[in-house]
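Undergrad: Pasting a structure here, questions to come.
The values are calculated or read from the model by the stated rules, or taken from the named source; none is laboratory data. Quick caveat, the model's predicted, so the values are computed rather than measured. Here the Cβ positions follow ideal geometry from the backbone for every residue, glycine too, while neighbour counts run over all protein chains shown.
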Ligand SMILES: [Ca+2]
Ligand SMILES: [Ca+2]
Ligand SMILES: [Ca+2]
Ligand SMILES: [Ca+2]
């Protein structure tokens, strides 16, 4: 009996010990972790098959743009709107007048050191139209819009004549003599802040606005691939010429043009709200902020009314003749002396001081 009992005890103990060694939760040897699952290794055959396939087509970022309409190559010329120009005073490193910072009127086609850039000095602009298009022709003193300095040109449209620009047609070089829009964009201001707080005055320093923030046409991409175009050297009064679809407006609007070779940022318009007059400097020698500071290489114009008769109080509207003042020499033509301080002839040895003095200054 005892022999049998001992034999059973020994065999039972051996069996328990053998089982314990196979149970992972009892095993103390941490080096005997379960073997990892086998990794699937691609076979050489897979690579060979892929290598033999033609390369996949690369995604393209140049969608095909199909134009339906192009503007006329011979639009008419509209009534001329005049801007101040600086050609005659440029050798004296100054603008004659016409730079009224407070009211967003600039005449500074100059580098910061007052070096003159005639290719961005606006002299006149005019608007004409046909059945489908408005044409905005811009006359510059210089004849090379492709000046290496890099000049952007723009057309600002104020649809409701409240002084806050609503749309800008914005173009960058290179310009060609054929109509193109590979260098044209159109932006909108959807939150009504292009003039900051006041449409009539500078609100500087004011930096919380986003100007024309919404891109609605990008070099042919947009709801209408033909929305806006530009060409250069199209005629005496058209060193730069824009065309845009009439559908962009309701037919009544105010419009002005600009040339910009420095900031070139439509989200920062109106620039007069960004910089104080002191920081921006002035191109007019008699101004206490002369010479130019942080805002230079920028020329813009007053805005003219199209499709409606203005009441004369629209912000940024081109000045009207004063009562009793001689009417324009031609019907519909704006006088050639915009601004409150038109230049006058001075005696020999004297020159016109412009704003704010409005008088002749003579060499003593
Ligand atoms: Ca000018
Ligand atoms: Ca507006
Ligand atoms: Ca303002
Ligand atoms: Ca805006």
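Undergrad: Condition first: under 24 Å from residue 270 (Cβ atoms), assigned to a strand (DSSP E or B) and more than 12 Å from the chain's Cα centre (by Cα). Now tell me which residues in region 218-238 satisfy that.
TA: 228, 230
Undergrad: Among the residues of region 176-196 satisfying the criterion of being within 16 Å of ligand 3 (Cβ to nearest atom) and touching a residue at least 24 places away in the same chain (Cβ under 8 Å), which is nearest to residue 64 (Cα to Cα)?
TA: Ranking the candidates gives 189 first.
Undergrad: While we're here: Search region 205-217 for residues being more than 12 Å from ligand 3 (Cβ to nearest atom) and crowded, with 21+ Cβ neighbours inside 10 Å, and hand back the single one that is farthest from residue 264 (Cα to Cα).
TA: Only one residue tops the list, namely 217.
Undergrad: Would it be correct to say that residue 154 is within 16 Å of ligand 1 (Cβ to nearest atom), within 28 Å of residue 310 (Cβ to Cβ) and in contact with a helix residue (DSSP H, G or I) (Cβ under 9 Å, 6 or more places away or on another chain)?
TA: yes
Undergrad: Just to check your reading of the model, which residue among 141, 122 is more than 16 Å from ligand 4 (Cβ to nearest atom), surrounded by fewer than 21 Cβ atoms within 10 Å (Cβ to Cβ) and more than 18 Å from residue 305 (Cα to Cα)?
TA: Result of the check over 141, 122: 141.
Undergrad: Residue 95 is checked against (1) within 18 Å of the chain's Cα centre (by Cα); (2) closer than 29 Å to residue 312 by Cβ and fails just one. What number does that condition carry?
TA: (1)
Undergrad: Here are some residues: 143, 165. Which one is within 16 Å of the chain's Cα centre (by Cα), part of a loop (DSSP other than H, G, I, E, B) and more than 13 Å from residue 244 (Cβ to Cβ)?
TA: Among 143, 165, only 165 is within 16 Å of the chain's Cα centre (by Cα), part of a loop (DSSP other than H, G, I, E, B) and more than 13 Å from residue 244 (Cβ to Cβ).
Undergrad: Further question: Quick one: which residue in 247, 329, 282 is surrounded by fewer than 19 Cβ atoms within 10 Å (Cβ to Cβ) and either in contact with a helix residue (DSSP H, G or I) (Cβ under 9 Å, 6 or more places away or on another chain) or at pLDDT 95 or above (or both)?
TA: Being surrounded by fewer than 19 Cβ atoms within 10 Å (Cβ to Cβ) and either in contact with a helix residue (DSSP H, G or I) (Cβ under 9 Å, 6 or more places away or on another chain) or at pLDDT 95 or above (or both) holds for just one of 247, 329, 282, which is 247.
Undergrad: For residue 86, indicate whether it is touching a strand residue (DSSP E or B) at 6+ places or on another chain (Cβ under 8 Å), at pLDDT 80 or above and loosely packed, with under 12 Cβ neighbours inside 10 Å.
TA: no
Undergrad: Which residues, taken from region 99-139, are over 24 Å from residue 242 (Cα atoms) and in a loop (DSSP other than H, G, I, E, B)?
TA: If the condition is that a residue be over 24 Å from residue 242 (Cα atoms) and in a loop (DSSP other than H, G, I, E, B), then 99, 111, 112, 113, 114, 115 are the ones that fit.
Undergrad: Which one of 172, 156 is crowded, with 17+ Cβ neighbours inside 10 Å and within 16 Å of ligand 2 (Cβ to nearest atom)?
TA: Just a single option satisfies the conditions, and that option is 156.
Undergrad: Listed residues 163, 196; which is within 16 Å of ligand 2 (Cβ to nearest atom) and out of contact with any helix residue (DSSP H, G or I) (no Cβ under 9 Å at 6 or more places or on another chain)?
TA: That would be 163, the only listed residue that is within 16 Å of ligand 2 (Cβ to nearest atom) and out of contact with any helix residue (DSSP H, G or I) (no Cβ under 9 Å at 6 or more places or on another chain).
Undergrad: State yes or no: is residue 244 assigned to a loop (DSSP other than H, G, I, E, B), in contact (Cβ under 8 Å) with a residue 12 or more places away in the chain and under 18 Å from the mean Cα position of the chain (by Cα)?
TA: no
Undergrad: So, in region 182-204, how many residues would count as being away from ligand 4 (no atom under 16 Å from the Cβ) and surrounded by fewer than 16 Cβ atoms within 10 Å (Cβ to Cβ)?
TA: Total satisfying the criteria: 2.
Undergrad: If you take the residues of region 74-83 that are touching a strand residue (DSSP E or B) at 6+ places or on another chain (Cβ under 8 Å) and in a loop (DSSP other than H, G, I, E, B), which of them is surrounded by the fewest Cβ atoms within 10 Å (Cβ to Cβ)?
TA: 76
Undergrad: With respect to the numbered conditions (1) surrounded by fewer than 17 Cβ atoms within 10 Å (Cβ to Cβ); (2) part of a loop (DSSP other than H, G, I, E, B); (3) modelled with pLDDT of 95 or more, which one is the sole condition not fulfilled by residue 267?
TA: Unmet condition: (2).
Undergrad: Turning to a different aspect of this structure: For the condition within 20 Å of the chain's Cα centre (by Cα), within 15 Å of ligand 4 (Cβ to nearest atom) and touching a residue at least 40 places away in the same chain (Cβ under 8 Å), what is the one hit in 172, 156, 107?
TA: Residue meeting the stated conditions: 156.
Undergrad: Does at least one position in region 183-205 carry a residue that is within 16 Å of ligand 1 (Cβ to nearest atom) and assigned to a strand (DSSP E or B)?
TA: no
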